[in-house]
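Asker: Sending over a structure as structure tokens; questions will come in a sec.
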Amino acid sequence: QVRLVESGGTLVQPGGSLRLSCAASGFTFSGFVMSWYRQAPGKERELVATINSTGGRTKYAESVKGRFTISRDNDKNTVFLQMNSLKPEDTAVYYCNAGQFFSQARPLMNWGQGTQVTVSS
């Protein structure tokens, strides 16, 4: 079965940093584009960052560009999201998912439990 297990979220002060991890199993990880999404209370789930299958290309939502970095380790079936200069508006549950196309990161797998990031003073 497909599993996506996000971890690393916590309470953090504005301006702080966090590194999220997503451990994937049940599919050929290296064959898929991977993305991070987030969902804040009362808001739609939004795409935050995408990385191609080899890790050579990335793209970001405008709201996080310059602050977040997505990366992956295909040997460990893990995708990461390094988040710096965090803002209260980054508060959300963060999820990862797999996609077929870098240009269209439509989530293909069942959602994991997500990991809560709370940015607050």
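Asker: Filter the stretch 8-29 down to the residues that are surrounded by 15 or more Cβ atoms within 10 Å (Cβ to Cβ), touching a strand residue (DSSP E or B) at 6+ places or on another chain (Cβ under 7 Å) and not aliphatic (A, V, I, L, M) and list them by number.
Answerer: 8, 9, 21, 22, 27
Asker: What are the pairs with Cβ atoms under 7 angstrom where one residue, in the stretch 30-47, is in contact (Cβ under 8 Å) with a residue 40 or more places away in the chain and open to solvent by 60 Å² or more (accessible area, probe 1.4 Å) and the other, located anywhere, is among the hydrophobic types (A, V, I, L, M, F, W, C) and not in a loop (DSSP other than H, G, I, E, B)? Sequence gap at least six, or different chains.
Answerer: The qualifying pairs are 39/92; 39/93.
Asker: Using the structure shown, decide if residue 100 is at pLDDT below 95 and farther than 16 Å from residue 5 by Cα.
Answerer: In short, no.
Asker: Among the residues of the stretch 110-120, is there at least one that is open to solvent by 10 Å² or more (accessible area, probe 1.4 Å), under 21 Å from residue 23 (Cβ atoms) and part of a strand (DSSP E or B)?
Answerer: Looking through the stretch 110-120, at least one residue is open to solvent by 10 Å² or more (accessible area, probe 1.4 Å), under 21 Å from residue 23 (Cβ atoms) and part of a strand (DSSP E or B).
The values are calculated or read from the model by the stated rules, or taken from the named source; none is laboratory data. Being a predicted model, the structure only gives us computed values, none of them experimental. All Cβ positions, even for glycine, are placed from backbone atoms using ideal geometry, and neighbour counts span all protein chains on display. Accessible surface areas use protein heavy atoms only, side chains included; no ligands, DNA or RNA. Shrake-Rupley method; radii C 1.70, N 1.55, O 1.52, S 1.80 Å.
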